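Undergrad: Sharing a structure below in structure tokens format, with a few things to ask.
Just so it is clear, none of the values below were taken in a lab; they were calculated from the coordinates. The shown structure was predicted, so the numbers you read here are calculated from the model rather than taken from an experiment. Cβ placement follows ideal geometry from the backbone for every residue including glycine, while neighbour counts extend to all protein chains displayed.
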Amino acid sequence: MPAYIIALITVTDAEKYEAYKALAPAAIAAHGGRYLVRGGPVQTLEGEPERRRIAVLEFPSVEAAKAFYRSAEYEAAREKRRGAAQAQLILVEGYGG
């Protein structure tokens, strides 16, 4: 069953954040993942306005998503993100209904 990582990101140093953006896609692809959403305009339809950058990643399974997050490739990307952004990553299992 597919799994999704929802990333909510506040960029604090846009120039430094570019280094993270350069490394993350390869780490995601190496674990069978792909972007469904990668930044872009956000419209809040209900609740408090969302100002963070949003990314949604799809993986073939929860295990693949966890393997991506724990990988050396993604650790290198996270190192580049430190000091450039604050992130909240949420892992959810897809709906099989």
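Undergrad: Return only the number of the condition from (1) surrounded by fewer than 16 Cβ atoms within 10 Å (Cβ to Cβ); (2) of a type outside the set (D, E, K, R); (3) in a loop (DSSP other than H, G, I, E, B) that residue 31 does not satisfy.
TA: (1)
Undergrad: So, one more: Just checking, does segment 3-17 include any residue being touching a Ser or Thr at 6+ places or on another chain (Cβ under 7 Å) and within 21 Å of residue 95 (Cα to Cα)?
TA: For segment 3-17, residues touching a Ser or Thr at 6+ places or on another chain (Cβ under 7 Å) and within 21 Å of residue 95 (Cα to Cα): present.
Conditions (1) in contact with a Pro (Cβ under 7 Å, 6 or more places away or on another chain); (2) of a type outside the set (Gly, Ala, Ser); (3) under 29 Å from residue 1 (Cα atoms), marked per residue:
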residue	(1), (2), (3)
12	no, yes, no
29	no, no, yes
33	no, no, yes
44	no, yes, yes
54	no, yes, yes
74	no, yes, yes
79	no, yes, no
87	no, no, yes
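Undergrad: Before we move on, is residue 48 charged (D, E, K, R) and assigned to a loop (DSSP other than H, G, I, E, B)?
TA: The answer is yes for residue 48.
Undergrad: A further question follows. Restricting attention to segment 69-86, report how many residues are in a helix (DSSP H, G or I) and not aliphatic (A, V, I, L, M).
TA: Count: 9.
Undergrad: Another question, if that's okay. Between a first residue in segment 17-36 that is farther than 19 Å from residue 54 by Cβ and without any contact (Cβ under 8 Å) to a residue 24 or more places away in the chain and a second residue that is in a helix (DSSP H, G or I) and of a type in the set (Ser, Thr, Tyr), which pairs have beta carbons less than 9 Å apart while being 6 or more apart in sequence or on different chains?
TA: From segment 17-36, no pairs qualify.
Undergrad: I would also like to ask the following. Quick check, is residue 47 touching a strand residue (DSSP E or B) at 6+ places or on another chain (Cβ under 6 Å) and of a type outside the set (Asp, Glu)?
TA: When the stated conditions are applied, residue 47 does not pass them.
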